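*Asks:* Here's a structure for you.
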Amino acid sequence: MHPEWIAYDPSILDRLKNREQFNGSKPAWGESLDDFNSKQGIPVPMVGDVLQLRMGRRVVEERRLEQPERDDDGNRVTGWYWTIMVRG
């Protein structure tokens with residue numbers, strides 16, 4: 001099983017268009033089940049890798065491992081995941 005990762009392009013201001021999720025436990029908001037299933041089993045990219053994403057061709061600039069997110073009661077709502085910062 002490959003870890004979850006999310007590619008972000010901070011130059012795109014629309015929060016619904018500036019990220020794409022891979023290896024998640026459920027589809028991202030607005031993502032079809034077919035699209036979600038097609039993005040399972042993809043390894044976390046390395047800095048310098050070129051990705052062809054929904055937002056176009058991007059280069060990985062940074063990657064960092066994120067701690068699980070918690071709700072207001074302190075309960076974990078995510079597992080560990082990678083944030084991948086990309087640029088066009």
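*Asks:* So, in the range 50-77, how many residues would count as being surrounded by fewer than 14 Cβ atoms within 10 Å (Cβ to Cβ) and either over 20 Å from Lys17 (Cα atoms) or in contact with a helix residue (DSSP H, G or I) (Cβ under 6 Å, 6 or more places away or on another chain) (or both)?
*Replies:* So the count comes out to 13.
*Asks:* Pick out the one residue from Thr83, Thr78 that is at pLDDT below 95 and of a type in the set (Val, Ile, Thr).
*Replies:* From the options Thr83, Thr78, the qualifying one is Thr78.
*Asks:* Here's a follow-up. Just one of Glu31, Glu20 is within 14 Å of Trp82 (Cβ to Cβ), touching a strand residue (DSSP E or B) at 6+ places or on another chain (Cβ under 8 Å) and of a type in the set (Asp, Glu); which is it?
*Replies:* Glu20
*Asks:* Go through the range 34-54 residue by residue and tally those that are in contact with a strand residue (DSSP E or B) (Cβ under 7 Å, 6 or more places away or on another chain) and either of a type in the set (S, T, N, Q) or within 13 Å of Met85 (Cβ to Cβ) (or both).
*Replies:* 8
*Asks:* If you check Phe36, Phe22, which single one turns out to be touching a Pro at 6+ places or on another chain (Cβ under 6 Å) and surrounded by 11 or more Cβ atoms within 10 Å (Cβ to Cβ)?
*Replies:* Matching residue, one of Phe36, Phe22: Phe36.
The values are calculated or read from the model by the stated rules, or taken from the named source; none is laboratory data. From a predicted model like this one, the values you see are computed outputs, not experimental measurements. A quick note on method: Cβ atoms are made from the backbone with ideal geometry, for glycine too, and the neighbour counts reach across all protein chains shown.
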